[in-house]
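The values are calculated or read from the model by the stated rules, or taken from the named source; none is laboratory data. Just so you know, these numbers come straight off a predicted model, no measurement behind them. Quick reminder, even Gly has a Cβ in these numbers, built from the backbone with ideal geometry, and neighbours come from all protein chains shown. Please note that ligands, DNA and RNA were not included when accessible areas were found on the heavy atoms of the full protein model with its side chains. Shrake-Rupley method; radii C 1.70, N 1.55, O 1.52, S 1.80 Å.
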Amino acid sequence: MILKSFAKINSLLYVLGKRPDGYHELFTLMHKIDLFDVIEIKKNSGGLEFGIDVDELNNQDNLAVRAARLFFERAGIKPQVNIEIEKHIPIGGGLGGGSSNAAYTLRGLNELFDFPLSKGELFELASKIGSDVAFFVEHGSAIAEGRGETITKIRCHTDGFKVFLAIPNFSVSTALVYKRLRLTKLGGLNKMALTVKEGVCSMDELKNHLHNDLESVVLEEFDLLKWIKDLLIERVGNGLVSGSGSCIFSILGSEVQAEEGLKEQLEERGVLCKTLNFAEEILR
Ligand code: C5P
């Protein structure tokens, strides 16, 4: 079985406070994009074999390995698979690559072993692995609340929009960004978040109200990211750090043809992709 393990961007991310468990209470709107890692899962005669083409990720702590272990434990099945991952999603870029790999491993194993677990059980396992994992268990764009594990699908039209993604050649630690965040400086949910919750927004509207409470911490720390954000705003009219960075994206309207010049200015560290639609996600 070969699976595409898609990346995400956050078009809205509000931090609403600190939780008793040390994590932060979130409201975030996420979209899958057509940038993906490839996961191959094959049944074997026994054991859990894992390999990934990036040395620093090739170990038993990898979230995909954790996902597989939890899956077999919960399903009461003896582990009997080889899992191979080919990485394309930047690491530490705020695009949810590791979480995506874990979620698609859960989804793939469940299918390969004839669906021993319900969707509810997959969500439960996902939230044990990491805050972003549950989002990737669900199809399409969705709001994530709580620590990130409470997922609500949205009715807004946000599929199939062109996204310009700037990919800096360094990663950012999510834990560090949350640690540096000054909660007193945040403003809570704004009107756009409420509009999305009610299901009456479009990407054309959303792209003018992009918001990320983590962004100021990231931009203060990295001058290059501030420069990229300013460039995207000047050229495209919008730009936002995804998650805790380091990647920055712009939502392109159909009229914008700015991407070629942008790629040159970013010395080829820019890619053009788009938000996925339902059909593209389930085809593989
Ligand atoms: O859950 P995950 O391992 O992806 O989170 C990485 C780090 O980000 C956590 O260790 C925590 O410091 C921070 N985090 C947070 N609140 C969240 C999600 C993540 O403080 N809702």
Response to the item:
Counting only strands (runs of 3 or more DSSP E) entirely within the range 1-63, those with at least 1 residues that are within 12 Å of the ligand (Cβ to nearest atom) are 2-18, 24-43
Worksheet item: When the range 105-122 is examined, which residues are found to be among the hydrophobic types (A, V, I, L, M, F, W, C) and open to solvent by 60 Å² or more (accessible area, probe 1.4 Å)?
Response: PHE115
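Give me the residue from the range 217-252 that is among the polar types (S, T, N, Q) and within 19 Å of LEU186 (Cα to Cα) and, out of that set, surrounded by the fewest Cβ atoms within 10 Å (Cβ to Cβ). Please lay out each step first, then the result.
Pass one, the range 217-252, residues among the polar types (S, T, N, Q): 238, 242, 244, 246, 250.
Then drop every residue that is not within 19 Å of LEU186 (Cα to Cα), which leaves 242, 244.
Numbers: SER242: 29, SER244: 24.
So the residue we want is SER244.
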Worksheet item: Taking helices (runs of 4 or more DSSP H) that do not extend beyond the range 74-166, which have at least 2 residues that are polar (S, T, N, Q)?
Response: 97-112
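Does LEU70 meet the test of being of a type in the set (A, V, I, L, M), part of a strand (DSSP E or B) and at pLDDT 95 or above?
Details: of a type in the set (A, V, I, L, M): yes; part of a strand (DSSP E or B): no; at pLDDT 95 or above: yes.
So LEU70 does not fit the description; no.
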Fill in: Number of the exception - ALA142 against (1) open to solvent by 60 Å² or more (accessible area, probe 1.4 Å); (2) closer than 15 Å to ILE9 by Cα; (3) within 16 Å of the ligand (Cβ to nearest atom)
(1)
Response to the item:
When every residue in the range 146-171 that is touching a residue at least 24 places away in the same chain (Cβ under 8 Å) and basic (Lys, Arg) is compared, the one surrounded by the most Cβ atoms within 10 Å (Cβ to Cβ) is ARG147
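Which of the residues belonging to the range 197-216 are in a loop (DSSP other than H, G, I, E, B), buried (at least 16 other Cβ atoms within 10 Å of the Cβ) and at pLDDT below 90? Spell out how you get there, then give the answer.
Initial filter on the range 197-216 (in a loop (DSSP other than H, G, I, E, B)): 199-201, 207-210, 213-214.
Of the ones still in play, those that are also buried (at least 16 other Cβ atoms within 10 Å of the Cβ) are 201, 207, 209-210, 213-214.
CYS201, the sole residue that qualifies.
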Worksheet item: Can you tell me which residue in the range 22-56 is least open to solvent (accessible area, probe 1.4 Å), limited to those that are over 15 Å from the mean Cα position of the chain (by Cα) and farther than 28 Å from VAL81 by Cβ?
Response: HIS24
Response to the item:
Residue hits (the range 172-196; over 27 Å from GLY97 (Cβ atoms) and open to solvent by 70 Å² or more (accessible area, probe 1.4 Å)) are ARG182, THR184, LYS185, GLY187, LYS191, LEU194
